[in-house]
1. If we only count helices (runs of 4 or more DSSP H) wholly inside the range 161-256, which ones have 1 or more residues that are of a type in the set (F, W, Y)?
2. Six or more apart or on different chains, Cβ under 8 Å: which pairs go from a residue in the range 245-264 that's closer than 16 Å to F131 by Cβ to one that's of a type in the set (F, W, Y)? Could you list them?
3. Here is a list: L84, L75. Which entry is over 19 Å from P220 (Cβ atoms) and surrounded by fewer than 20 Cβ atoms within 10 Å (Cβ to Cβ)?
4. Identify, please: which residue in the range 41-65 is assigned to a helix (DSSP H, G or I) and not small (G, A, S) and is, among those, nearest to F274 (Cα to Cα)?
5. Given the condition in contact with a Leu (Cβ under 8 Å, 6 or more places away or on another chain), over 20 Å from Y191 (Cα atoms) and modelled with pLDDT of 95 or more, answer yes or no: does some residue in the range 37-48 qualify?
6. Please go through the range 139-159 and pick out each residue that is surrounded by 11 or more Cβ atoms within 10 Å (Cβ to Cβ), basic (K, R) and part of a helix (DSSP H, G or I).
7. Here is a list of conditions, (1) farther than 26 Å from P167 by Cα; (2) surrounded by 14 or more Cβ atoms within 10 Å (Cβ to Cβ); (3) of a type outside the set (G, A, S), and Y200 meets all of them except one; can you say which number that is?
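The values are calculated or read from the model by the stated rules, or taken from the named source; none is laboratory data. Remember, predicted model here, so these are calculated numbers, not experimental data. Cβ placement follows ideal geometry from the backbone for every residue including glycine, while neighbour counts extend to all protein chains displayed.
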Amino acid sequence: MPKYKLPNGTELFYEIFLSTEVGGSPWLIFISGLGDSSVIWGDYVKKLRSEGYNVLIFDNRDSGQSSLNLDSYTLNDMAVDLILLMNALKIEKAHLVGHSMGATIAQFVSTNDPNKVQSLTLIAGSPSPKFINLDLINSWVKNFKSRVVDDVESDEAYKARLKEVFPYVFSASFLADSEKISSIVNAAVSYPHRQKFSAYARQFSAIVATPEVEKNYNGPVLLIAGSEDSVVFAILEVEFLKKFPQAKRIVIKGMRHCVNIEAAERCVTDISDFLNS
């Protein structure tokens with residue numbers, strides 16, 4: 001599988017899905033959140049590629065098949081990673097879709113090089129750590145650390161981690177579907193490129209260390225959020241609309257933080273409608 005080596009030595013895993021053999025179509029890039037790899041975007045890739053978009057998915061540093069980055073960093077550094085990857089792949093401009101941490105990375109891409117961005121779709125995102133429930137995520141990090149041996153979680157410890165986090169990121173009705181939840185857990189446990197605990201902790205530290213996104217992006221913006229999100233604070237609705245008065249905002253009732261997974265079909269339709277408009 002292809003990887004791109006950054007100047008700092010970090011290797012980013014990526015996959016390209018062209019709409020046609022020629023690929024002469026607009027680009028769409030998906031950016032994952034804390035702890036997630038690019039595999040979560042499978043349904044999105046299939047749908048939007050069929051609608052005529054070239055799609056790039058990649059693993060952030062410290063996740064999936066990308067290499068570890070032992071030095072400290074911020075989300076702005078991760079945005080630079082993506083810009084360098086776009087340059088290497090000769091992608092001049094793209095629509096960016098980011099979830100949570102990935103939404104902040106997308107905003108930093110737009111501030112670093114606005115000419116590379118055709119639109120922003122920010123799912124459960126934030127422009128600043130002050131709107132994120134950092135105490136909650138920090139409690140997860142501390143709990144998970146107690147079960148890690150030599151930076152490795154056993155399958156049982158990893159399952160326990162998922163079960164602790166799920167009530168904060170998925171709705172009660174979604175959690176009640178035991179078959180679906182079991183499928184998600186089994187897929188996560190069997191994924192061969194599971195994130196190391198130290199990498200998860202570094203990504204969280206990157207969120208904490210990241211300053212507020214100061215510059216505003218003036219192009220098309222779609223904001224998607226779950227009405228019951230407890231990871232990103234409710235005040236964000238007002239702040240995001242101040243930052244992006246031109247934005248189209250969609251709040252999906254009853255959904256929590258991982259609305260991109262729980263309501264994937266709805267989200268991909270909303271993204272498609274937004275891009276086509």
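1. Hits in the range 161-256: 172-175, 197-209, 236-243.
2. Listed pairs, sorted by first residue: A247/F240; R249/F240; R256/Y168; R256/F170; H257/Y168.
3. From the options L84, L75, the qualifying one is L84.
4. L48
5. yes
6. K145, K159
7. (1) is the only condition that Y200 fails.
The rows are residues; the columns are (1) touching a strand residue (DSSP E or B) at 6+ places or on another chain (Cβ under 7 Å); (2) among the charged types (D, E, K, R); (3) over 30 Å from L70 (Cα atoms).
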| position | (1), (2), (3) |
| --- | --- |
| V221 | yes, no, yes |
| R249 | yes, yes, yes |
| H257 | yes, no, no |
| I261 | no, no, no |
